[in-house]
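Here is the structure we will look at.
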Amino acid sequence: MLQRLLTGVALATAIASAAIAQDLPKSQFKVIGLNSPTPVSIHDEIPFWRKTIPEASRGAITADITPLDQMGIDDKTMLRLLKLGVMDFAAMDISKMAGDDPRFEACDLAGLTLDPDKARAACAAYRDVIDRQMQKNWNAKLLAYGGNTPQVFWCRDVIGGLDSLKGKKVRVFNNTMRDFLAGLGATSVSMAFAEVVPALNNGVVDCGVTGSLSGNTAGWTEVTKSIYPMSLGWSINVLAVNLASWKRLDPKTQAFLLEQFKTYEDKMWRTIKTTTAEAENCNTGKQPCTMGKLAKTTIVPVKTEEAATHKKLVEGAVLAGWAKRCGAACAKEWNDTVGKALDLKAPTP
(Lines give C-alpha, C1' and ligand atoms only; values in the text may rest on other atoms or scores of the structure.)
Protein backbone atom coordinates (compact mmCIF):
# COMPACT_ATOMS: atom_id res chain seq x y z
CA MET A 1 0.00 0.00 0.00
CA LEU A 2 2.79 2.40 0.98
CA GLN A 3 4.71 1.59 -2.18
CA ARG A 4 1.63 2.31 -4.31
CA LEU A 5 1.13 5.61 -2.49
CA LEU A 6 4.75 6.66 -3.03
CA THR A 7 4.55 5.66 -6.68
CA GLY A 8 1.39 7.72 -7.04
CA VAL A 9 3.01 10.76 -5.44
CA ALA A 10 6.06 10.43 -7.69
CA LEU A 11 3.84 10.12 -10.76
CA ALA A 12 1.78 13.15 -9.75
CA THR A 13 4.96 15.17 -9.19
CA ALA A 14 6.32 14.16 -12.59
CA ILE A 15 3.02 15.07 -14.29
CA ALA A 16 2.95 18.43 -12.49
CA SER A 17 6.55 19.17 -13.48
CA ALA A 18 5.81 18.24 -17.08
CA ALA A 19 2.77 20.49 -17.09
CA ILE A 20 4.82 23.38 -15.71
CA ALA A 21 7.53 22.80 -18.31
CA GLN A 22 4.99 22.83 -21.14
CA ASP A 23 3.65 26.18 -19.94
CA LEU A 24 7.04 27.90 -19.78
CA PRO A 25 7.71 30.75 -22.21
CA LYS A 26 10.77 30.48 -24.43
CA SER A 27 13.97 31.77 -22.83
CA GLN A 28 17.57 31.88 -24.05
CA PHE A 29 20.34 32.73 -21.59
CA LYS A 30 23.97 33.70 -21.83
CA VAL A 31 26.08 31.94 -19.20
CA ILE A 32 29.77 32.23 -18.36
CA GLY A 33 30.95 29.21 -16.43
CA LEU A 34 33.87 27.90 -14.41
CA ASN A 35 37.28 26.86 -15.74
CA SER A 36 36.62 24.08 -18.24
CA PRO A 37 39.26 21.54 -17.06
CA THR A 38 37.81 21.33 -13.53
CA PRO A 39 35.69 18.30 -12.53
CA VAL A 40 32.78 20.50 -11.42
CA SER A 41 32.64 22.04 -14.91
CA ILE A 42 33.00 18.70 -16.70
CA HIS A 43 30.59 16.61 -14.62
CA ASP A 44 28.09 19.13 -13.26
CA GLU A 45 27.99 22.58 -14.82
CA ILE A 46 28.22 21.91 -18.57
CA PRO A 47 25.73 18.99 -18.48
CA PHE A 48 23.35 21.06 -16.35
CA TRP A 49 23.09 23.94 -18.82
CA ARG A 50 23.41 21.99 -22.06
CA LYS A 51 21.30 18.94 -21.20
CA THR A 52 19.39 19.06 -17.92
CA ILE A 53 17.74 22.47 -18.30
CA PRO A 54 16.66 22.07 -21.96
CA GLU A 55 15.30 18.57 -21.30
CA ALA A 56 13.52 19.45 -18.04
CA SER A 57 11.91 22.51 -19.66
CA ARG A 58 10.84 20.55 -22.75
CA GLY A 59 13.00 22.83 -24.88
CA ALA A 60 11.51 26.06 -23.53
CA ILE A 61 14.75 27.14 -21.85
CA THR A 62 18.15 26.99 -23.53
CA ALA A 63 21.51 28.43 -22.61
CA ASP A 64 24.69 29.38 -24.37
CA ILE A 65 27.39 28.53 -21.80
CA THR A 66 31.07 29.33 -22.28
CA PRO A 67 33.72 28.52 -19.63
CA LEU A 68 35.61 31.61 -18.49
CA ASP A 69 39.01 30.25 -19.61
CA GLN A 70 37.67 30.03 -23.15
CA MET A 71 36.50 33.65 -22.95
CA GLY A 72 39.90 34.95 -21.82
CA ILE A 73 38.27 36.62 -18.82
CA ASP A 74 40.06 37.42 -15.57
CA ASP A 75 37.93 35.50 -13.10
CA LYS A 76 38.37 38.21 -10.44
CA THR A 77 36.16 40.45 -12.59
CA MET A 78 33.19 38.08 -12.87
CA LEU A 79 30.93 39.90 -10.41
CA ARG A 80 31.67 43.23 -12.06
CA LEU A 81 30.75 41.82 -15.47
CA LEU A 82 27.60 40.26 -14.05
CA LYS A 83 26.62 43.58 -12.52
CA LEU A 84 26.95 45.22 -15.93
CA GLY A 85 24.74 42.55 -17.52
CA VAL A 86 27.47 41.16 -19.79
CA MET A 87 25.93 37.74 -19.06
CA ASP A 88 22.65 36.58 -17.51
CA PHE A 89 24.16 33.91 -15.27
CA ALA A 90 27.72 33.47 -14.03
CA ALA A 91 29.58 30.86 -12.00
CA MET A 92 32.68 31.91 -10.08
CA ASP A 93 35.04 30.96 -7.30
CA ILE A 94 33.59 33.26 -4.65
CA SER A 95 36.86 33.71 -2.75
CA LYS A 96 38.37 35.42 -5.79
CA MET A 97 35.81 38.22 -5.33
CA ALA A 98 37.16 38.99 -1.84
CA GLY A 99 39.25 41.90 -3.14
CA ASP A 100 35.92 43.69 -3.55
CA ASP A 101 34.37 42.37 -0.33
CA PRO A 102 36.19 40.19 2.26
CA ARG A 103 32.87 38.51 3.09
CA PHE A 104 33.14 36.56 -0.15
CA GLU A 105 35.89 34.33 1.27
CA ALA A 106 34.38 34.03 4.74
CA CYS A 107 32.87 30.54 4.58
CA ASP A 108 35.96 28.97 2.96
CA LEU A 109 38.90 30.50 4.78
CA ALA A 110 42.11 28.55 4.12
CA GLY A 111 41.97 25.22 5.95
CA LEU A 112 38.75 26.12 7.80
CA THR A 113 36.99 22.80 7.11
CA LEU A 114 38.44 19.40 6.28
CA ASP A 115 35.45 17.49 4.95
CA PRO A 116 32.77 18.41 2.39
CA ASP A 117 29.84 18.17 4.80
CA LYS A 118 31.39 20.76 7.12
CA ALA A 119 32.32 22.93 4.14
CA ARG A 120 28.71 22.90 2.99
CA ALA A 121 27.42 23.58 6.52
CA ALA A 122 29.75 26.58 6.86
CA CYS A 123 28.58 28.11 3.60
CA ALA A 124 24.93 27.30 4.31
CA ALA A 125 25.24 29.27 7.55
CA TYR A 126 26.64 32.23 5.60
CA ARG A 127 24.45 31.97 2.51
CA ASP A 128 22.12 34.85 3.38
CA VAL A 129 25.09 37.15 3.98
CA ILE A 130 26.59 36.42 0.56
CA ASP A 131 23.21 36.87 -1.15
CA ARG A 132 22.62 40.13 0.73
CA GLN A 133 25.97 41.56 -0.36
CA MET A 134 25.43 40.48 -3.96
CA GLN A 135 21.99 42.08 -4.15
CA LYS A 136 23.06 45.21 -2.30
CA ASN A 137 26.26 46.00 -4.20
CA TRP A 138 26.46 43.85 -7.31
CA ASN A 139 22.97 43.76 -8.88
CA ALA A 140 23.11 39.96 -8.56
CA LYS A 141 21.26 37.14 -6.82
CA LEU A 142 22.85 34.00 -5.36
CA LEU A 143 21.23 30.84 -6.70
CA ALA A 144 23.46 27.88 -5.80
CA TYR A 145 26.86 27.07 -4.43
CA GLY A 146 29.17 24.08 -4.66
CA GLY A 147 32.85 23.30 -4.36
CA ASN A 148 35.83 21.41 -5.68
CA THR A 149 38.10 18.74 -4.30
CA PRO A 150 40.36 19.82 -1.39
CA GLN A 151 42.82 22.56 -2.36
CA VAL A 152 46.26 20.97 -1.89
CA PHE A 153 49.91 21.62 -2.76
CA TRP A 154 51.24 20.39 -6.12
CA CYS A 155 55.05 20.68 -6.28
CA ARG A 156 57.70 20.43 -9.00
CA ASP A 157 59.89 18.23 -6.77
CA VAL A 158 59.17 15.66 -4.08
CA ILE A 159 58.96 17.78 -0.93
CA GLY A 160 59.62 16.60 2.61
CA GLY A 161 56.53 18.02 4.26
CA LEU A 162 55.22 21.27 5.71
CA ASP A 163 58.61 22.69 6.74
CA SER A 164 60.00 22.29 3.22
CA LEU A 165 57.47 24.83 1.92
CA LYS A 166 59.32 27.58 3.77
CA GLY A 167 61.00 29.92 1.28
CA LYS A 168 59.23 28.37 -1.70
CA LYS A 169 57.17 30.32 -4.23
CA VAL A 170 53.64 28.95 -4.14
CA ARG A 171 50.79 29.81 -6.48
CA VAL A 172 47.61 30.77 -4.60
CA PHE A 173 44.39 32.43 -5.70
CA ASN A 174 42.96 34.26 -2.71
CA ASN A 175 43.88 36.42 0.28
CA THR A 176 43.19 33.82 2.95
CA MET A 177 45.69 31.40 1.39
CA ARG A 178 48.27 34.21 1.55
CA ASP A 179 47.63 34.49 5.29
CA PHE A 180 48.26 30.77 5.71
CA LEU A 181 51.46 30.77 3.65
CA ALA A 182 52.79 33.85 5.43
CA GLY A 183 52.56 31.84 8.63
CA LEU A 184 54.73 29.16 7.00
CA GLY A 185 57.33 31.57 5.66
CA ALA A 186 56.46 30.78 2.04
CA THR A 187 56.03 33.35 -0.75
CA SER A 188 52.58 33.63 -2.30
CA VAL A 189 52.29 34.17 -6.04
CA SER A 190 48.90 35.02 -7.57
CA MET A 191 48.11 33.79 -11.06
CA ALA A 192 45.15 32.51 -13.06
CA PHE A 193 44.43 28.79 -13.21
CA ALA A 194 45.28 28.57 -16.91
CA GLU A 195 48.76 30.07 -16.31
CA VAL A 196 49.92 27.59 -13.67
CA VAL A 197 51.09 24.65 -15.81
CA PRO A 198 53.64 26.73 -17.76
CA ALA A 199 54.66 28.52 -14.55
CA LEU A 200 55.38 25.19 -12.83
CA ASN A 201 57.09 23.82 -15.92
CA ASN A 202 59.40 26.84 -16.18
CA GLY A 203 60.14 27.14 -12.45
CA VAL A 204 58.34 30.47 -12.03
CA VAL A 205 56.73 28.85 -8.98
CA ASP A 206 57.87 25.84 -6.96
CA CYS A 207 54.38 24.66 -6.00
CA GLY A 208 50.79 25.54 -6.77
CA VAL A 209 47.56 25.16 -4.84
CA THR A 210 44.51 23.69 -6.54
CA GLY A 211 42.05 20.83 -6.14
CA SER A 212 43.36 17.30 -5.66
CA LEU A 213 41.52 16.25 -8.83
CA SER A 214 41.30 19.63 -10.61
CA GLY A 215 45.09 19.59 -10.98
CA ASN A 216 44.87 16.12 -12.45
CA THR A 217 42.25 16.95 -15.09
CA ALA A 218 44.08 20.19 -15.97
CA GLY A 219 47.42 18.48 -16.62
CA TRP A 220 49.34 19.46 -13.49
CA THR A 221 50.58 15.87 -13.12
CA GLU A 222 52.75 16.47 -16.19
CA VAL A 223 54.77 19.23 -14.48
CA THR A 224 54.78 18.12 -10.82
CA LYS A 225 56.32 15.20 -8.95
CA SER A 226 54.54 15.38 -5.60
CA ILE A 227 51.29 16.34 -3.91
CA TYR A 228 51.20 17.43 -0.28
CA PRO A 229 47.53 16.89 0.69
CA MET A 230 47.23 19.50 3.42
CA SER A 231 43.92 21.16 2.62
CA LEU A 232 43.56 24.91 2.15
CA GLY A 233 39.84 24.86 1.41
CA TRP A 234 37.34 23.80 -1.23
CA SER A 235 37.41 26.58 -3.83
CA ILE A 236 33.73 27.28 -3.20
CA ASN A 237 31.95 28.28 -6.40
CA VAL A 238 28.65 30.11 -6.67
CA LEU A 239 26.07 30.45 -9.40
CA ALA A 240 24.51 33.91 -9.57
CA VAL A 241 22.16 35.77 -11.88
CA ASN A 242 22.01 39.40 -12.94
CA LEU A 243 19.04 40.84 -11.01
CA ALA A 244 17.64 42.70 -13.99
CA SER A 245 17.71 39.49 -16.05
CA TRP A 246 16.04 37.61 -13.21
CA LYS A 247 13.26 40.16 -12.69
CA ARG A 248 12.38 40.06 -16.39
CA LEU A 249 11.55 36.36 -16.17
CA ASP A 250 8.02 35.01 -15.97
CA PRO A 251 7.20 33.82 -12.39
CA LYS A 252 6.71 30.27 -13.73
CA THR A 253 10.19 30.35 -15.21
CA GLN A 254 11.65 31.64 -11.95
CA ALA A 255 9.94 28.87 -9.96
CA PHE A 256 11.09 26.22 -12.42
CA LEU A 257 14.69 27.44 -12.34
CA LEU A 258 14.82 27.67 -8.54
CA GLU A 259 13.77 24.03 -8.34
CA GLN A 260 16.44 23.06 -10.88
CA PHE A 261 19.15 25.05 -9.10
CA LYS A 262 18.43 23.27 -5.82
CA THR A 263 18.85 19.88 -7.50
CA TYR A 264 22.00 21.12 -9.23
CA GLU A 265 23.50 22.26 -5.93
CA ASP A 266 22.82 18.88 -4.32
CA LYS A 267 24.46 17.13 -7.27
CA MET A 268 27.61 19.27 -7.02
CA TRP A 269 28.11 18.23 -3.39
CA ARG A 270 27.59 14.56 -4.27
CA THR A 271 30.16 14.89 -7.05
CA ILE A 272 32.73 16.34 -4.61
CA LYS A 273 32.56 13.19 -2.50
CA THR A 274 33.19 11.00 -5.54
CA THR A 275 36.00 13.12 -6.97
CA THR A 276 37.66 13.50 -3.56
CA ALA A 277 37.55 9.75 -3.03
CA GLU A 278 39.06 9.06 -6.48
CA ALA A 279 41.72 11.79 -6.51
CA GLU A 280 44.51 9.83 -4.82
CA ASN A 281 43.85 6.81 -7.03
CA CYS A 282 44.02 8.87 -10.21
CA ASN A 283 47.13 10.74 -9.10
CA THR A 284 49.01 7.54 -8.19
CA GLY A 285 47.93 5.39 -11.13
CA LYS A 286 45.34 3.19 -9.40
CA GLN A 287 41.75 2.19 -10.06
CA PRO A 288 38.97 3.11 -9.65
CA CYS A 289 39.69 6.35 -11.48
CA THR A 290 36.63 7.24 -13.54
CA MET A 291 36.69 11.04 -13.22
CA GLY A 292 40.36 11.83 -13.81
CA LYS A 293 43.50 10.61 -15.59
CA LEU A 294 45.87 7.91 -14.34
CA ALA A 295 49.20 9.48 -13.33
CA LYS A 296 52.30 8.70 -11.27
CA THR A 297 52.65 11.35 -8.57
CA THR A 298 54.11 10.92 -5.08
CA ILE A 299 51.69 11.67 -2.25
CA VAL A 300 53.62 13.13 0.71
CA PRO A 301 51.67 12.23 3.90
CA VAL A 302 50.65 14.94 6.36
CA LYS A 303 52.27 14.08 9.71
CA THR A 304 50.39 14.35 13.01
CA GLU A 305 52.47 17.31 14.16
CA GLU A 306 51.91 19.05 10.81
CA ALA A 307 48.14 18.66 11.22
CA ALA A 308 48.47 20.38 14.60
CA THR A 309 50.42 23.23 12.99
CA HIS A 310 47.70 23.50 10.32
CA LYS A 311 45.05 23.92 13.04
CA LYS A 312 47.08 26.63 14.81
CA LEU A 313 47.59 28.56 11.57
CA VAL A 314 43.89 28.44 10.72
CA GLU A 315 42.74 29.53 14.17
CA GLY A 316 45.52 32.12 14.39
CA ALA A 317 46.92 33.68 11.22
CA VAL A 318 44.02 32.87 8.90
CA LEU A 319 41.10 33.94 11.10
CA ALA A 320 42.96 36.98 12.41
CA GLY A 321 44.04 38.11 8.94
CA TRP A 322 40.53 37.83 7.55
CA ALA A 323 38.90 39.54 10.55
CA LYS A 324 41.29 42.47 10.21
CA ARG A 325 40.39 42.91 6.53
CA CYS A 326 36.66 42.61 7.15
CA GLY A 327 36.31 44.62 10.38
CA ALA A 328 34.72 44.13 13.79
CA ALA A 329 31.06 44.10 12.70
CA CYS A 330 31.84 41.63 9.93
CA ALA A 331 33.78 39.35 12.31
CA LYS A 332 30.88 39.40 14.78
CA GLU A 333 28.46 38.39 12.04
CA TRP A 334 30.85 35.55 11.09
CA ASN A 335 30.90 34.37 14.70
CA ASP A 336 27.09 34.31 14.74
CA THR A 337 26.89 32.26 11.52
CA VAL A 338 29.91 30.29 10.32
CA GLY A 339 31.52 30.38 13.75
CA LYS A 340 28.46 28.82 15.39
CA ALA A 341 28.26 26.14 12.70
CA LEU A 342 31.91 25.18 13.25
CA ASP A 343 32.32 26.06 16.93
CA LEU A 344 35.05 28.60 16.17
CA LYS A 345 35.49 32.27 16.97
CA ALA A 346 37.14 34.99 14.93
CA PRO A 347 38.78 37.89 16.79
CA THR A 348 36.82 41.13 16.60
CA PRO A 349 39.42 43.85 15.91
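What residue among THR176, THR62, THR38 shows peak mean-square fluctuation when the chain is described by a Gaussian network model with Cα springs under 10 Å?
THR62
For LYS312, go through the aspartates and glutamates and keep the ones whose alpha-carbon is under 13 Å away, minus same-chain ones fewer than eight residues off.
By straight Cα distance, LYS312 reaches ASP179.
Report GLU315's accessible area, 1.4 Å probe, all protein chains in place, as a number in Å² to the nearest 10.
90 Å²
Grab the other residues whose beta carbon is less than 13 angstrom from that of MET71, score K and R as +1, D and E as -1, and report the net.
Result for the neighbourhood of MET71: -3.
If you build a Gaussian network model of the chain, linking Cα atoms that sit under 10 Å apart, which residue out of LYS303, LYS83, LYS324 swings the most?
Judging by the Gaussian network model, the answer is LYS303.
Got a sec? What order do GLU333, GLU306 fall in by accessible area at 1.4 Å, biggest, i.e. largest, first?
Reading off the accessible areas and sorting them downward yields GLU333, GLU306.
Quick one: helix 2-23 against the long Cα principal axis of the chain, what's the angle to the nearest 10°, folded into 0 to 90?
The helix 2-23 is inclined about 80 degrees to the chain.
How long are the semi-axes of the equivalent ellipsoid of the stretch 56-184, defined as square roots of 5 times the Cα gyration tensor eigenvalues? Whole Å, largest first.
Computed over the stretch 56-184, the values are 31, 18, 16 Å.
Using every Cα-Cα pair within the stretch 201-264, state what percent have a distance larger than 18 Å.
58 percent
Using a 1.4 Å probe, how large is the accessible area of LEU114, given in Å² and rounded to the nearest 10?
120 Å²
Would you mind checking the tilt of helix 175-184 against the longest principal axis of the Cα atoms of the chain, expressed as 0 to 90 degrees and rounded to 10?
20 degrees
What is the spread of the Cα atoms of the stretch 82-139 along each of their three principal axes, largest first, in whole Å?
So the extents along the principal axes, rounded to whole Å, are 36, 19, 18.
Suppose we keep just the DSSP beta bridges with both residues in the chain; what percent of those would be antiparallel, to 5?
55 percent
Tilt of helix 304-313 relative to the longest C-alpha principal axis of the chain, in degrees (0 to 90, nearest 10)?
The angle comes out at about 70 degrees.
Could you give the accessible area per residue of the chain, probe 1.4 Å, as a whole number in Å²?
On a per-residue basis, 43 Å².
Of GLY72, ILE159, GLY215, which is farthest along the charge dipole of the chain in the positive direction, counting Lys and Arg as +1 and Asp and Glu as -1 at C-beta?
It is GLY72, whose Cα lies furthest towards the positive end.
So in the stretch 136-208, what percent of DSSP beta bridges are antiparallel if you round to the nearest 5?
Given both bridge residues lie in the stretch 136-208, the antiparallel proportion sits at roughly 25 percent.
Mind scanning LYS96/LYS267; LYS76/LYS169; LYS141/LYS311; LYS141/LYS267; LYS76/LYS324 and naming the pairs with a C-alpha gap bigger than 25 Å?
LYS141/LYS311
Calculated from the structure, Cα extents along the principal axes in Å equals which of [x] 89, 63, 45; [y] 61, 49, 49; [z] 73, 55, 41?
[y]
Please report the carbon-and-sulfur percent of the accessible area for the stretch 141-202; probe 1.4 Å, protein heavy atoms only, DNA, RNA and ligands left out.
45 percent
Set the bar at 18 Å for Cα to Cα. Now go through LYS168/LYS225; LYS303/LYS345; LYS168/LYS286; LYS118/LYS340; LYS83/LYS136 and name every pair that lies beyond it.
Exceeds cut-off: LYS303/LYS345; LYS168/LYS286.
The values are calculated or read from the model by the stated rules, or taken from the named source; none is laboratory data. Keep in mind it's a predicted model, so treat the numbers as computed, not measured. No Cβ is skipped: glycine too gets one built from the backbone with ideal geometry, and neighbour counts run over all protein chains shown. Areas reflect the complete protein model, heavy atoms only, side chains present, ligands, DNA and RNA absent. Shrake-Rupley method; radii C 1.70, N 1.55, O 1.52, S 1.80 Å.
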